[in-house]
1. From ARG53, ARG71, which residue is within 18 Å of GLY20 (Cβ to Cβ), of a type in the set (Lys, Arg) and in contact (Cβ under 8 Å) with a residue 12 or more places away in the chain?
2. Of the residues TYR47, TYR35, only one is open to solvent by less than 30 Å² (accessible area, probe 1.4 Å), hydroxyl-bearing (Ser, Thr, Tyr) and in contact with a helix residue (DSSP H, G or I) (Cβ under 9 Å, 6 or more places away or on another chain); which?
3. Of the conditions (1) modelled with pLDDT under 95; (2) among the basic types (Lys, Arg); (3) open to solvent by less than 90 Å² (accessible area, probe 1.4 Å), ARG84 satisfies every one except a single condition; which number is it?
4. Residue by residue through the range 13-26, note down the ones that are within 11 Å of GLU55 (Cα to Cα) and open to solvent by 20 Å² or more (accessible area, probe 1.4 Å).
5. For the range 2-12, enumerate the residues that are open to solvent by 90 Å² or more (accessible area, probe 1.4 Å) and at positive phi.
6. Out of (1) under 23 Å from GLY5 (Cβ atoms); (2) in contact with a helix residue (DSSP H, G or I) (Cβ under 7 Å, 6 or more places away or on another chain), what's the single condition that is false for PRO63?
7. Return yes or no: is ALA59 under 12 Å from the mean Cα position of the chain (by Cα), surrounded by 16 or more Cβ atoms within 10 Å (Cβ to Cβ) and either closer than 15 Å to GLY20 by Cβ or not hydroxyl-bearing (Ser, Thr, Tyr) (or both)?
Amino acid sequence: ILSDGEYQRYQTAQRELVEGWRALRNSQARTALEYEQQAETNNPGFYRNDWLRAECLLALGKPEEAAQACRAALAGQPALGIERHRIEALKQKAESGK
């Protein structure tokens, strides 16, 4: 893991997710989505990437795509129950079109 750069990419992806959430909190959903895409490149298939993407897409008025990203996040087996609960609530919000 250390010699092939995988851990370095994981750490980079984590920083990108932090920056993405920060941008989203500052009402910069498009910027946050760019960070999510970078995180996905560095750590593909991680459920938190999909979760951030869902939040961004909902903020951008794309509820169907947000619901799909939520389903992908849930399929990625969120590590904590509270995360699963928040993603499920986001999915319901997206599916209701709000």
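The values are calculated or read from the model by the stated rules, or taken from the named source; none is laboratory data. Just so it is clear, the model here is predicted, and its values are computed rather than measured. Quick reminder, even Gly has a Cβ in these numbers, built from the backbone with ideal geometry, and neighbours come from all protein chains shown. For accessibility, only protein heavy atoms count, side chains too; no ligands or nucleic acids. Shrake-Rupley method; radii C 1.70, N 1.55, O 1.52, S 1.80 Å.
1. When all the criteria are applied, what remains is ARG53.
2. Being open to solvent by less than 30 Å² (accessible area, probe 1.4 Å), hydroxyl-bearing (Ser, Thr, Tyr) and in contact with a helix residue (DSSP H, G or I) (Cβ under 9 Å, 6 or more places away or on another chain) holds for just one of TYR47, TYR35, which is TYR47.
3. (1)
4. Of everything in the range 13-26, those that are within 11 Å of GLU55 (Cα to Cα) and open to solvent by 20 Å² or more (accessible area, probe 1.4 Å) turn out to be TRP21, LEU24, ARG25.
5. Matches in the range 2-12: none.
6. For PRO63, the exception is condition (1).
7. In short, no.
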